[in-house]
Amino acid sequence: MPDEAESTATPHRRRPKPDILAIDNRRLSPETLMMGHGFDPALSEGSLKPPIFLTSTFVFENAAAGKRFFEGITGKRPGGAEGLVYSRFNGPNQEILEDRLGLWEDAEDALVFSSGMSAIATVMLALVQPGDVIVHSAPLYAATETLIGRILGRFGIKWVDFPAGATREEIDAKVEEAKQLGRVSLVYLESPANPTNALVDVEAVKGSRDAAFPGDEKPPIVIDNTFLGPLWSKPLRQGADLVLYSLTKYAGGHSDLVAGGAVGGAALINTVRMMRNTIGTITDPNTAWMLLRSLETLELRMSRAGENAAKVCEFLRNQPQVESVGYLGFLEPGSRQRDIYDRHCTGAGSTFSLYLKGGEAESFRFLDALKIAKLAVSLGGTETLASHPAGMTHLSVPQERKDALKIGDNLVRISIGVENADDLIADFNQALRAI
Ligand SMILES: Cc1ncc(COP(=O)(O)O)c(C=O)c1O
């Protein structure tokens, strides 16, 4: 006998037609599926594109359906809500976006957030308790370091870090150190690290975590994949449990929105979803709609930006005003970083570090002379951006930490866009002459 809710509930909405994920034996690629996956025009008056659903709440067909949906929202019934309830929990634009975002990494499930930082904060609040220890790679995006050290620290959460390029033995030692301090509830990574571009060996981290926690209570490995994902790096394949994004960057790709994402296994995503439902860090329908548009061109944009960066970096490394170029495409064969790159990455990205000969004055003259590249922080947009980390994003970082991370006054961070590569080279060429 079905229970009462099942017998009286009518479906909350017509389900979309089953998605076509393969033709004959050919599995369709994410770039193909971005045009229609998860949306059935027949449910929206035949509209080719999903409308933006500007509503704060959704009407239930009957009381039993409402109860059933809330059982999903509150976790009484596993698997999340079976219907649309209230826009702090879910909405059509966000759900379509989540379905499509997960495809890039073959993830079981996905969630979208109001910013990259709200994604990171929601995940940490969902996974850690007072007294716990977080093991993390270093450096991390400055706000993530603040969140762990200064905010979670206020609630008695401790942390132990290892340098991004650490070996299996070095990671093992740090995990052991962390275990002595308390319950290790999270292994948190960022690769490549901002702004050093150092890669983390996710396979080694997984080996270390699995060896140190042989039972079922394994701390999840969570990784910020903002710089290379979802095209050039897919860390679920190397053993990460949850992959986080600032969708503000390459996924959004036009420097016109702020959003975050998480993709991974269904159980972990469910845990994070409960926290997001409670604190309301979901993205809004309008931003979700803009991201749906962005994802249609993600592969085109990222590929073009990557090709442009390869040409620009090749030009820059040979210029007399340039000390060196910190670009993943130039990692030395035989080096540990190159080994990680070859095992983890399919492209070098389009964000890199330019070390000029000189100091702040030379960097500023270069930045002020740029005519195409815009002087702004952020990355991953269609337009090329350049900034000065020591004087801008990392201004508040203590000097000794800046020295350790090589964030000197001669460092310029560049994110290459989709402009004509030769135009960009002409711009950098004239700006170098202006130094
Ligand atoms: C690596 C990385 N993670 C997270 C963030 C935070 O993202 P958001 O600005 O969307 O909150 C950023 C922002 O620059 C970042 O570079």
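Hey, among the residues in the stretch 273-284 that are hydroxyl-bearing (Ser, Thr, Tyr) and assigned to a loop (DSSP other than H, G, I, E, B), which one's nearest to Gly72 (Cα to Cα)? Spell out the reasoning first.
Taking the stretch 273-284 and keeping what is hydroxyl-bearing (Ser, Thr, Tyr), we get 278, 281, 283.
Still in the list and also assigned to a loop (DSSP other than H, G, I, E, B): 281, 283.
Numbers: Thr281: 18, Thr283: 20 Å.
Filtering the stretch 273-284 for residues that are hydroxyl-bearing (Ser, Thr, Tyr) and assigned to a loop (DSSP other than H, G, I, E, B), the one nearest to Gly72 (Cα to Cα) comes out as Thr281.
Tell me which residues, restricted to the stretch 323-371, are among the small types (Gly, Ala, Ser) and closer than 15 Å to Ser233 by Cα. Let's see the steps before the verdict.
Let us first name the residues in the stretch 323-371 that are among the small types (Gly, Ala, Ser), namely 324, 326, 329, 334-335, 347-350, 353, 358-359, 361, 363, 369.
Within the stretch 323-371, Gly329, Gly347, Ala348, Gly349, Ser350 meet the criteria.
If a residue must be assigned to a loop (DSSP other than H, G, I, E, B) and free of Cβ contacts under 8 Å to residues at least 24 places away in the same chain, how many such residues does the stretch 227-272 contain? So that I can check it myself, show each step before the final result.
Taking the stretch 227-272 as the starting set, the residues that turn out to be assigned to a loop (DSSP other than H, G, I, E, B) are 227-232, 234, 239-241, 247-259, 265.
Within this subset, residues satisfying the condition of being free of Cβ contacts under 8 Å to residues at least 24 places away in the same chain are none.
Residues meeting the conditions: 0.
On the given criteria, is Gly156 of a type outside the set (Asp, Glu), surrounded by fewer than 21 Cβ atoms within 10 Å (Cβ to Cβ) and out of contact with any helix residue (DSSP H, G or I) (no Cβ under 8 Å at 6 or more places or on another chain)?
Details: of a type outside the set (Asp, Glu): yes; surrounded by fewer than 21 Cβ atoms within 10 Å (Cβ to Cβ): yes; out of contact with any helix residue (DSSP H, G or I) (no Cβ under 8 Å at 6 or more places or on another chain): yes.
For Gly156, the condition - of a type outside the set (Asp, Glu), surrounded by fewer than 21 Cβ atoms within 10 Å (Cβ to Cβ) and out of contact with any helix residue (DSSP H, G or I) (no Cβ under 8 Å at 6 or more places or on another chain) - is met.
Which condition from (1) surrounded by fewer than 20 Cβ atoms within 10 Å (Cβ to Cβ); (2) without any contact (Cβ under 8 Å) to a residue 40 or more places away in the chain; (3) away from the ligand (no atom under 16 Å from the Cβ); (4) of a type in the set (A, V, I, L, M, F, W, C) is the one that Leu181 breaks?
It fails just one condition, (2).
Only one residue in Met290, Met275 is without any contact (Cβ under 8 Å) to a residue 60 or more places away in the chain and in contact with a Leu (Cβ under 7 Å, 6 or more places away or on another chain), so which one is that? Explain how you work it out, then say what you get.
Working: Met275 fails: without any contact (Cβ under 8 Å) to a residue 60 or more places away in the chain.
Sole residue among the options that is without any contact (Cβ under 8 Å) to a residue 60 or more places away in the chain and in contact with a Leu (Cβ under 7 Å, 6 or more places away or on another chain): Met290.
Of the residues that sit in the stretch 192-205 and are out of contact with any strand residue (DSSP E or B) (no Cβ under 6 Å at 6 or more places or on another chain) and over 13 Å from Ile340 (Cα atoms), which one is least open to solvent (accessible area, probe 1.4 Å)?
Only one residue tops the list, namely Ala193.
Answer yes or no: is there a residue in the stretch 112-124 that is more than 16 Å from the ligand (Cβ to nearest atom) and either surrounded by fewer than 24 Cβ atoms within 10 Å (Cβ to Cβ) or touching a residue at least 40 places away in the same chain (Cβ under 8 Å) (or both).
So in the stretch 112-124, the residues more than 16 Å from the ligand (Cβ to nearest atom) come out as none.
Within the stretch 112-124 (the criterion being more than 16 Å from the ligand (Cβ to nearest atom) and either surrounded by fewer than 24 Cβ atoms within 10 Å (Cβ to Cβ) or touching a residue at least 40 places away in the same chain (Cβ under 8 Å) (or both)), the answer is no, since none of the residues qualifies.
Keeping to the stretch 123-156, report how many residues are of a type in the set (S, T, N, Q) and farther than 23 Å from Pro195 by Cβ.
So in the stretch 123-156, the residues of a type in the set (S, T, N, Q) come out as 129, 137, 144, 146.
Now restrict to residues that are farther than 23 Å from Pro195 by Cβ: 129.
Qualifying residue count, the stretch 123-156: 1.
Mind checking which residues of the stretch 33-50 are in contact (Cβ under 8 Å) with a residue 12 or more places away in the chain, open to solvent by 50 Å² or more (accessible area, probe 1.4 Å), farther than 14 Å from Leu295 by Cα and of a type outside the set (Gly, Ala, Ser)?
Scanning the stretch 33-50 gives a single hit, Leu43.
Here is a yes/no grid of residues against (1) part of a helix (DSSP H, G or I); (2) surrounded by 14 or more Cβ atoms within 10 Å (Cβ to Cβ); (3) within 16 Å of the ligand (Cβ to nearest atom); (4) at pLDDT 95 or above:
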{"site": "Gly334", "(1), (2), (3), (4)": "no, no, no, yes"}
{"site": "Gly347", "(1), (2), (3), (4)": "no, yes, no, yes"}
{"site": "Gly358", "(1), (2), (3), (4)": "no, yes, no, yes"}
{"site": "Asp368", "(1), (2), (3), (4)": "yes, no, no, yes"}
{"site": "Ile372", "(1), (2), (3), (4)": "no, yes, no, yes"}
{"site": "Thr382", "(1), (2), (3), (4)": "no, yes, no, yes"}
{"site": "His394", "(1), (2), (3), (4)": "no, yes, yes, no"}
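The values are calculated or read from the model by the stated rules, or taken from the named source; none is laboratory data. Every value quoted in this text rests on a predicted model; they were computed, and no experiment measured them. Cβ atoms come from the backbone with ideal geometry, glycine included; neighbour counts cover every protein chain shown. SASA here: full protein model, heavy atoms, side chains in, ligands and nucleic acids out. Shrake-Rupley method; radii C 1.70, N 1.55, O 1.52, S 1.80 Å.
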